[in-house]
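Presented below is the structure to which this report refers.
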Amino acid sequence: MLWGSFADASYRAYRLRIRHFDAFGKPTKVEMATSSLDPYQYEHYHGGYRWTKVELVDTWYCPGDTSRNAFCRKPKTKDRFLASGEEKRAPIPYSRQPVIP
């Protein structure tokens with residue numbers, strides 16, 4: 001008998017601006033998408049070089065069990081300070097916080 005354990009996963013969500021081009025290099029469509037693929041992965045997975053240009057608009061971390069769920073909502077923007085307690089430093093933007101699972 002096999003024994004297994006349940007695994008919880010988490011991921012980073014990316015908000016992307018996608019520009020599609022025709023065979024002559026003229027833009028045909030611009031759309032926004034939310035994905036778990038970063039801009040480079042998204043571009044190569046969907047269309048590839050010269051057919052799409054993908055730009056990163058925003059990113060955030062989705063913690064906890066994410067199986068069969070839609071992307072989590074982006075957390076409210078709030079400025080957080082480093083744990084050292086030094087208030088004189090500039091706050092680190094919430095989307096750039098270190099991720100410690």
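Every listed requirement among (1) at pLDDT 85 or above; (2) closer than 23 Å to Ser10 by Cβ; (3) of a type in the set (A, V, I, L, M, F, W, C) is met by Trp51 save one, (2). The sole residue among Ala23, Ala7 that is modelled with pLDDT under 90, over 14 Å from the mean Cα position of the chain (by Cα), open to solvent by 60 Å² or more (accessible area, probe 1.4 Å) and farther than 25 Å from Arg73 by Cα is Ala23. Using the structure shown, decide if Leu37 is within 12 Å of the chain's Cα centre (by Cα) and either surrounded by fewer than 13 Cβ atoms within 10 Å (Cβ to Cβ) or in a loop (DSSP other than H, G, I, E, B) (or both). Considered against the rule, which asks whether it is within 12 Å of the chain's Cα centre (by Cα) and either surrounded by fewer than 13 Cβ atoms within 10 Å (Cβ to Cβ) or in a loop (DSSP other than H, G, I, E, B) (or both), Leu37 comes out as yes.
The set of residues from the stretch 43-68 being open to solvent by 90 Å² or more (accessible area, probe 1.4 Å) and over 17 Å from Ala33 (Cβ atoms) comprises Tyr49, Arg50, Arg68.
The values are calculated or read from the model by the stated rules, or taken from the named source; none is laboratory data. Treat the numbers as computed from the prediction; the structure is a model and nothing was measured. As a convention, Cβ positions derive from the backbone with ideal geometry for all residues, glycine included, and neighbour counts pool all protein chains shown. When the accessible area is computed, the model is the full protein with side chains, heavy atoms only, and any ligands, DNA or RNA have been set aside. Shrake-Rupley method; radii C 1.70, N 1.55, O 1.52, S 1.80 Å.
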